[in-house]
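> Structure in structure tokens, see below.
Nothing in this text is a laboratory measurement; each read-out follows from the coordinates by a stated rule. If you're wondering where the values come from, they're calculated on a predicted model, not measured in any experiment. Here the Cβ is made from the backbone with ideal geometry for all residues, glycine too, and neighbour counts use every protein chain on show.
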Amino acid sequence: MVAGGKRDAFHFVGVLGWPLEVTLSPLMHNVAFRQLGLDWIYLRWPVPPDGLADAARGLRALGGEGANVTMPHKRAIVAYLDSLGGDAVATGAVNTVQRRGDQLVGHNTDVVGFSEFLVEDAGFEPSGTRALVLGAGGAARAVVKSLADMRVAGITVAARSDKLAGEVAELARDDSGRTTEVLAWKKMADRVAQVDLVVNATPVGMRGEPLLANATFNSDQCVVDLIYSPPTTPLIEHARAAGATAWGGLGMLVRQAAASFTIWTGQQAPLDAMSAAAIRGIGHHH
Ligand code: NAP
């Protein structure tokens with residue numbers, strides 16, 4: 001509903017990003033809307049950084065129900081919102097905007113997306129385990145918050161910038177007795193043997209670049225590469241060859257989309273249909 005106005009035929013949402021070349025979100029959500037018979041539509045909104053303020057005002061003025069927010073806007077969008085909810089507060093990053101009346105509320109569903117993927121899809125029980133997270137961007141922040149919520153016993157963050165890695169590790173610091181550590185990017189391969197879970201939250205591997213090629217994996221370990229296109233990376237192949245269980249980023253992508261869907265529509269998302277749509281979409285990009 002548009003505040004004070006008449007109900008439109010369609011509710012609309014979309015994804016704000018730049019350059020937004022590859023996004024599977026319109027496909028996943030439009031399939032989900034159709035599956036549930038909802039008169040909603042999901043659009044693609046490539047918006048450069050200097051257009052973000054106008055885009056947020058436009059969303060409000062035109063009566064959009066909300067938006068997904070992706071690179072590079074996840075932090076910048078906060079300035080144009082009325083409030084933050086849930087994990088957006090701790091991470092300072094928003095991937096989902098919800099309009100409530102004339103208010104725009106920011107959420108972060110990457111955190112719950114990663115948690116649900118790890119436990120429900122990958123079958124990994126994080127409580128008491130040790131994790132190594134590579135990267136210090138938005139995805140790394142969501143993963144570290146998720147792992148802290150799920151009570152991992154130790155978190156090591158490795159990134160090119162020790163300062164940024166320290167800020168990410170800070171998200172896992174509480175009074176639970178958990179160890180948090182920042183590791184220099186060059187030293188991370190040595191640490192792999194001591195952890196139960198390795199998560200790549202950098203784009204290294206999107207173009208087939210090796211990552212942790214000198215590390216020794218074992219069959220008790222779980223490896224998650226958040227990259228979903230291509231579906232397998234050299235890291236995944238290397239870890240699997242050593243017997244580790246290794247996953248790409250598709251599961252998290254579908255789970256965060258499902259959580260956004262529920263925030264907007266109040267309905268349970270059709271996970272299978274969204275997952276199938278995403279796999280089809282990746283097929284088109286390769
Ligand atoms: P981001 O905020 O731009 O952060 C990227 C991080 O990767 C930064 O820490 C950056 O370090 C590091 N990095 C970039 N190139 C590197 C290189 N050549 N060597 C070492 N480190 C490098 O991006 P993001 O949103 O966190 O996304 C990161 C990855 O996760 C992307 O591949 C994205 O597609 C994926 N992702 C997947 C999902 C999902 O649902 N599956 C969700 C979100 C993100 P510097 O600061 O030093 O540049």
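> About the Cα centre of the chain, what is the dipole size in debye to 20, counting +1 per Lys and Arg Cβ and -1 per Asp and Glu Cβ, all else neutral?
In total the dipole reaches around 440 debye.
> So how long is each side of the chain along the principal axes, counting just the alpha-carbon atoms, biggest first, in Å?
In descending order, the Cα extents are 61, 39, 32 Å.
> Give me the percent relative contact order of the chain, please, defined on Cα pairs under 8 angstrom at least 6 residues apart. Mind showing how you got there, number by number?
Details: 590 pairs, mean separation 46.1, N = 286.
Normalised by residue count, the contact order of the chain is 16 percent.
> Near F261, within a Cβ-to-Cβ distance under 12 Å, what is the net charge of the other residues, with Lys and Arg +1 and Asp and Glu -1?
Value of the local net charge: 0.
> Okay, next question. Per the Cauchy relation, a quarter of the hull surface: what is the mean projected area of the convex hull of the alpha carbons in segment 98-211, in nm²?
So the mean shadow area of the Cα hull is 8.9 nm².
> How big is the gap, in Å, between the Cα center of segment 126-160 and the Cα center of segment 220-280?
17 Å
> Quick one: the Cα spread of segment 75-158 along its three principal axes, in angstroms, biggest first?
43, 26, 16
> A follow-up question, please. Over the residues of segment 1-95, compute the C-alpha Rg and express it relative to 2.2 N^0.38 Å.
Numbers: Rg = 13.7 Å, N = 95, 2.2 N^0.38 = 12.4 Å.
Cα Rg divided by the expected 2.2 N^0.38 Å: 1.10.
> Continuing with the same structure: Work out the FRET efficiency for W185 and R240 from their Cβ-Cβ distance, taking R0 = 25 Å, and round it to the nearest 0.05.
Here the calculated transfer efficiency is 0.60.
> Right, next: Tally Lys and Arg at +1 and Asp and Glu at -1 over the other residues with C-beta under 12 Å from the C-beta of M28: what net charge comes out?
Result for the local shell: +2.
> Report the local net charge at A246: Lys and Arg +1, Asp and Glu -1, summed over other residues whose C-beta lies under 9 Å from its C-beta.
-1
> If one takes the longest principal axis of the Cα atoms in the chain, at what angle in degrees, from 0 to 90 and to the nearest 10, does the Cα axis of helix 250-265 lie?
30 degrees
> Using the Cα centre as the reference, give the magnitude of the dipole from point charges on the C-beta atoms of segment 52-139 (Lys, Arg: +1; Asp, Glu: -1; all else neutral), rounded to the nearest 20 debye. All intermediate terms of the calculation are to be shown ahead of the outcome.
Working: 7 positive and 10 negative charges, 77 e Å.
About 380 debye.
> Sticking with this structure for a sec: Under the rule of at least 5 residues apart or a separate chain, name every residue whose amide H is placed under 5 Å from the amide H of A159.
G135, L183, W185
> Calculate, in nm to one decimal, what F10 and D82 gain on full extension: separation in residues at 0.36 nm each, minus their alpha carbon distance.
23.5 nm
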